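In what follows, a single structure is set out as structure tokens and then discussed.
The values are calculated or read from the model by the stated rules, or taken from the named source; none is laboratory data. Remember, it's a predicted structure, so these values are computed and weren't measured experimentally. We place every Cβ from the backbone using ideal geometry, glycine too, and count neighbours over all the protein chains shown. All accessible areas refer to the heavy atoms of the entire protein, side chains included, with ligands and DNA or RNA removed. Shrake-Rupley method; radii C 1.70, N 1.55, O 1.52, S 1.80 Å.
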Amino acid sequence: IPSSMPPGVAFLSGQFTAENGIKKITRCGDLSGVFYDRAAWQAIPVDTPVYRVEMLRSPQGEGELFVGITHLQPGRVGDEFYMTRGHFHQRREQGEVYFGLRGTGLLLLQNEQGVARLEQISPGSVHIIPGFTAHRLINTGSEVLSALAVWPSVAGHDYAALAHGFALRVIEQDGKIQAKEVQHG
Ligand code: PAN
Ligand code: ZN
């Protein structure tokens with residue numbers, strides 16, 4: 001039967017099987033102000049890759065969806081685990097789905113009232129991010145954390161709204177993974 005082969009995900013590597021659209025690498029130097037230990041951040045070479053996003057080509061416009069995979073390196077800045085910058089969607093009502101592919105970590109979610117919570121992410125985990133909810137991936141493991149994401153193309157990214165950071169930080173303390181509440185102001 002006439003049919004075409006859609007792009008796929010190779011489960012072992014967590015990568016798309018086909019060469020695709022955009023690839024964006026975020027390096028340590030791009031993440032100024034994201035990690036609380038500024039001296040530890042400055043000690044890491046600016047060109048050190050922290051995460052990479054690969055995206056499928058897809059239609060854009062109202063009702064269309066973006067599909068991307070984030071590959072987040074293992075590592076820490078001081079005692080704080082590597083993480084994505086994190087964002088609200090510019091169109092706040094737009095949600096997203098994350099799906100764990102490889103590695104282990106946490107998905108940090110925070111509503112507009114500043115209430116934060118964590119979900120464990122691992123291969124096969126499905127995460128429904130409702131609208132009006134900021135989100136950030138945190139790699140607490142020792143291998144690359146890869147997660148597929150599907151979100152409306154019209155959602156947009158608002159990074160500025162969280163310029164003062166999330167209400168929770170995830171650190172390693174006494175050899176254990178700990179979540180610490182941040183006191184603002
Ligand atoms: C993801 C994120 C990706 C990178 O595709 O954009 O994980 O994180 P930052 O955008 O916070 O740097 C997504 O949530 N898209 O909406
Ligand atoms: Zn998003």
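Screening Ala160 against (1) at pLDDT 95 or above; (2) closer than 18 Å to Leu31 by Cα; (3) touching a strand residue (DSSP E or B) at 6+ places or on another chain (Cβ under 8 Å) leaves a single unmet condition, (3).
Quick check, is Val97 in contact (Cβ under 8 Å) with a residue 24 or more places away in the chain, more than 19 Å from Tyr159 (Cβ to Cβ) and within 12 Å of ligand 1 (Cβ to nearest atom)? Criteria met by Val97. Screening region 29-51 for residues that are within 13 Å of ligand 1 (Cβ to nearest atom) and buried (at least 18 other Cβ atoms within 10 Å of the Cβ) and picking the one that is nearest to the chain's Cα centre (by Cα) gives Tyr51. With respect to Phe66, determine if the residue is crowded, with 16+ Cβ neighbours inside 10 Å and either out of contact with any helix residue (DSSP H, G or I) (no Cβ under 9 Å at 6 or more places or on another chain) or farther than 21 Å from Ala167 by Cα (or both). Considered against the rule, which asks whether it is crowded, with 16+ Cβ neighbours inside 10 Å and either out of contact with any helix residue (DSSP H, G or I) (no Cβ under 9 Å at 6 or more places or on another chain) or farther than 21 Å from Ala167 by Cα (or both), Phe66 comes out as yes. Can we say Gln113 is more than 15 Å from the chain's Cα centre (by Cα), within 25 Å of Pro152 (Cα to Cα) and surrounded by fewer than 19 Cβ atoms within 10 Å (Cβ to Cβ)? Considered against the rule, which asks whether it is more than 15 Å from the chain's Cα centre (by Cα), within 25 Å of Pro152 (Cα to Cα) and surrounded by fewer than 19 Cβ atoms within 10 Å (Cβ to Cβ), Gln113 comes out as yes. Within region 122-144, being crowded, with 19+ Cβ neighbours inside 10 Å, more than 26 Å from Arg92 (Cβ to Cβ) and not β-branched (Val, Ile, Thr) holds for one residue alone: Asn139. Taking the conditions (1) under 23 Å from Ala43 (Cα atoms); (2) away from ligand 1 (no atom under 13 Å from the Cβ); (3) surrounded by 22 or more Cβ atoms within 10 Å (Cβ to Cβ) in turn, Gly103 satisfies each one other than (1). Scan region 146-175 residue by residue and report those that are closer than 17 Å to Thr84 by Cβ, open to solvent by less than 30 Å² (accessible area, probe 1.4 Å) and of a type in the set (Gly, Ala, Ser). Once the filter is applied, which keeps residues that are closer than 17 Å to Thr84 by Cβ, open to solvent by less than 30 Å² (accessible area, probe 1.4 Å) and of a type in the set (Gly, Ala, Ser), region 146-175 yields Ser146, Ala147, Ala149, Ala155, Gly156, Gly165, Ala167. Of the residues screened, Gly131 is one that is away from ligand 1 (no atom under 11 Å from the Cβ) and farther than 19 Å from Gln15 by Cβ.
For region 63-100, give me each residue that is within 17 Å of Ile177 (Cα to Cα), part of a loop (DSSP other than H, G, I, E, B) and in contact with a strand residue (DSSP E or B) (Cβ under 7 Å, 6 or more places away or on another chain). Listed by number, the residues that qualify are Gln73, Pro74, Asp79, Tyr82. For region 69-98, a residue qualifies if it is within 16 Å of ligand 2 (Cβ to nearest atom) and crowded, with 18+ Cβ neighbours inside 10 Å, and the qualifying residues are Ile69, Thr70, His71, Leu72, Met83, Thr84, Gly86, Phe88, His89, Gln94, Glu96, Tyr98.
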